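The values are calculated or read from the model by the stated rules, or taken from the named source; none is laboratory data. Remember, it's a predicted structure, so these values are computed and weren't measured experimentally. When we count neighbours, we look across all protein chains shown, and the Cβ atoms used for this are built from the backbone with ideal geometry, even at glycine.
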Amino acid sequence: MTEFKKTNHVLPNSVVVNFEAIGTDTKTRDLYIWELRAAQWTHQSIAVAARVTRERVRQIVESTPISAANPTGYEVPEPPRKPEKAPVTYVEPSPETLARLLELKPLAEQVRSNSPRYRAEAEEYTRLIFKAHTEEGVTLYRLAKRLGVTHGALRFRLVRYGYKNPVSGNSKVYTPINPENRA
């Protein structure tokens, strides 16, 4: 199916000339309006070219019977197409970084309050997240998808370990880790 723009159509001047040539022959005008609408031109663009209201164009289209292709013999141009969108490309973390993150993740998740257990692994895990986000250009959302966590959890971790600033400094949850508890 061809994708046409749905707004801001402007019919070519040749169509306006055709409507002027039709003059007062309402049957031919109605068929031509029907043909333009069948070609997916908007009611508004047809109304401007035919010098009638948009509502009148809608009424004509509804009341005109379906006819053979181009019975009026007038040109029916194709509406403007939508511009082609460039495919979206997502930046992925490098395979080495992702493998190491997946290896460190279960250990980093076991760190609790001031326990030194797995603290070094948690520090490395957070540093790798920050490196993938800033140096490799991977979004936190994409990293979270690959690691099986939420992007909020990654943002929280980066704030807790001092790599990012909290959005609002009011929450005690986002307080940095005490230096004596760091590895």
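Just a few scattered comments:
- Looking across region 123-146, the residues that are at negative phi and outside any helix (DSSP H, G or I) come down to 135, 136, 138, 139.
- Leading residue by the ranking (surrounded by the most Cβ atoms within 10 Å (Cβ to Cβ)) among those in region 35-52 that are more than 34 Å from the chain's Cα centre (by Cα) and of a type outside the set (Lys, Arg): 50
- Residue match in region 58-80 (condition: closer than 30 Å to residue 145 by Cβ, surrounded by fewer than 14 Cβ atoms within 10 Å (Cβ to Cβ) and in contact with a strand residue (DSSP E or B) (Cβ under 9 Å, 6 or more places away or on another chain)): no
- Condition check for residue 138: farther than 24 Å from residue 176 by Cβ and under 31 Å from the mean Cα position of the chain (by Cα): no
- Matching entry among 96, 55 (being in a helix (DSSP H, G or I), without any contact (Cβ under 8 Å) to a residue 24 or more places away in the chain, charged (D, E, K, R) and within 30 Å of residue 141 (Cα to Cα)): 96
- The set of residues in region 1-25 that are β-branched (Val, Ile, Thr) and exposed (fewer than 11 other Cβ atoms within 10 Å of the Cβ) comprises 2, 7, 24.
- Among residues of region 5-23 that are assigned to a helix (DSSP H, G or I), those with a Cβ under 7 angstrom from a residue that is β-branched (Val, Ile, Thr) and surrounded by 14 or more Cβ atoms within 10 Å (Cβ to Cβ), sequence gap 6+ or separate chain, pair up as 22/28.
- Meets criteria (in a loop (DSSP other than H, G, I, E, B) and at pLDDT 90 or above) for residue 149: yes
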